[in-house]
1. May I ask which residue of 254, 269, 345 lies farthest towards the positive end of the charge dipole of the chain, with charges of +1 (Lys, Arg) and -1 (Asp, Glu) on Cβ and the Cα centre as origin?
2. Quick one: P(r) of the chain from all Cα-Cα pairs, 20 Å bins, percents rounded to integers, in order of increasing distance.
3. State to the nearest 20 debye the size of the charge dipole of the stretch 131-381 about its Cα centre, where the only charges are +1 on K and R beta carbons and -1 on D and E beta carbons.
4. Can you check what the net charge comes to around residue 357, using other residues whose Cβ is under 15 Å from the Cβ of residue 357 (Lys, Arg +1; Asp, Glu -1)?
5. Under a Cβ-only charge scheme (Lys and Arg +1, Asp and Glu -1), can you give me the dipole magnitude of the stretch 5-125 about the Cα centre, in debye to the nearest 20?
6. Simple spin-label model, 7 Å along Cα-to-Cβ: residue 362 to residue 6 in nm?
7. Which number gives the lysine pairs in the chain that have C-alpha atoms under 20 Å apart and are eight or more places apart or on different chains?
8. I'd like the antiparallel share, as a percent to the nearest 5, of DSSP beta bridges with both residues in the stretch 131-381.
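Rule-based calculations on the coordinates, nothing more; no lab input. Computed from a prediction, not measured in an experiment: that's the story for all the values here. Neighbour counts run over all protein chains shown; Cβ positions are idealised from the backbone, glycine included.
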Amino acid sequence: MIDRPRLLALIHAALGRSPIVVLSGPRQCGKTTLARQLLTPESLNYFDLEDPISLARLDEPITALGSLKGLVVIDEIQRRPELFPVLRVLVDREVSARFLLLGGAFWVMERRTSESLAGRIERIAISGFTLDEVGAGSRDRLWERGGFPRAFLADTDEDSAVWRSQFIQALLERDMSQWGVSVPALALRRLWTIIAHYHGQTWNASEAARTLDVSQPTARRYLDLLTDANVVRQLQPYHANVKKRQVKSPKVYVRDSGLLHRLLGIRTYKELLEHPKVGASWEGFIVEQIMVREPHEDAWFWATHQGAEMDLLLQRETGLFGVEIKRSDAPRITPSIRIALEDVGLQHVAVVYPGSRRYRLASHVEAVPAGDLAGGPGCLFG
C-alpha cells in the first residue's frame, strides 16, 4: 500500500472544523482505502451502502446514527440520498459524532448537500496517486499507467491496460446510469475518445457536435457530464486586459493519463514515447499534478489568436504565476513567455521539463524538473 499522508492530514483537519466531510472522487481512486485507515470496516460506525447488512441497519437511520459517537463513515453515500436530511437533523442536535461521507458522483452529492447541509459540510476532492505519493523515481510509471491504484500497482503493463479498459466500460455503462444519466454509453464513449484526441487543445464545440451528430448544446452537456464525473478537466481561458484577441474556449484534458492512453490505444511506455500525442500527454500529466497539489486560489490557461500562450496560470495570494510545460532536455525562454510576463503581469514563470537540474532562464523565469513536484506544496516556484 502507498501511504497518502497529505490526504489523511486534509481529512483530519476538515473533521476538526466541520461535523460533516464529503470525500469525493472517481470510483476506485482510493477513497475507501483512506477511510479504512481512519476506521476499520468491522466497526459499528462504518456503513458500506453496497453491503446489505449496512443497508438493513439504516432502515431507521435516526435511531441507527443518533447514538453513535466519534467518527462515522458512510461509503457510497449517493446510493441513499434520503440520508442527507437525516444528517442535517443529527448535526443540528449537536450529536457528538463526526460524519465522513464517501462518494463518486460529485454532481449528485452536490445537488443533495447544497440543499440540506449548507454551512455544515466541507468537501475534499481526491484523485488517484500523485507524484508526491509515489516518488520522483516512479514518475514515468505514473505517467504511463495513471494514478488509479489498481492500474498503477498492476504486475504487468497488460494487467494495467486491461483494468483501465474495464474501468472505462464500467463507468459509462453502469455508474452513469446509476447516477441518473440517461445519455447512451456509446455517445459518451465517442465523446471521451474525441476529447482524448483533442487533449490539451481548446474545445471545438461545432466539430464535436458534427462528429457525434448532435447539437452543440448537447455536445456541451456530454462534456460537462464527463467533467462532473471527474474524468475530464476543462481549463478555462484567462482574459487579460490587453488589446490582443484572446482565446475564449476552454482547454480539455483527460484527467488521468492512464485513461488517456487507453482511449488512444497506447499499451506500453515504448508505444507512448512513439505516439504523436506524447507531448500533449506529458502536458496534461503535469497540469494534473500541479492542479491537484500546488497551492492556488484559481487556475486558467492563456492564449491569443496571434499565437502567444501560457499552459497554466495560477492565482495565488501574492499574484499571478505562470507555468509552461516542455518535453525537452534543455528548455529555453520563448517569445510566448516574454509576452505573457509583460501582457499578463506574471510574478514568476516555472518551465517544467523532464530533466533533473533546476536553473534560472531569465529574470522571473526558472526551469523546474518535473521530479520537483514530488516535493512539498509550494515547491514549483521556490
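1. 345
2. 26, 56, 18, 0
3. Details: 31 positive and 31 negative charges, 121 e Å.
Using Cβ point charges on Lys, Arg, Asp and Glu, the stretch 131-381 gives about 580 debye.
4. Numbers: positive: 326, 332, 358, 360; negative: 329, 366, 372.
With Lys, Arg at +1 and Asp, Glu at -1, the neighbours total +1.
5. Numbers: 16 positive and 14 negative charges, 86 e Å.
So the dipole magnitude of the stretch 5-125 works out to roughly 420 debye.
6. 3.0 nm
7. Working: 251/277; 251/326; 270/326; 277/326.
Lysine pairs meeting the criterion: 4.
8. Working: 20 of 31 bridges.
Around 65 percent of the beta bridges assigned by DSSP in the stretch 131-381 are antiparallel ones.
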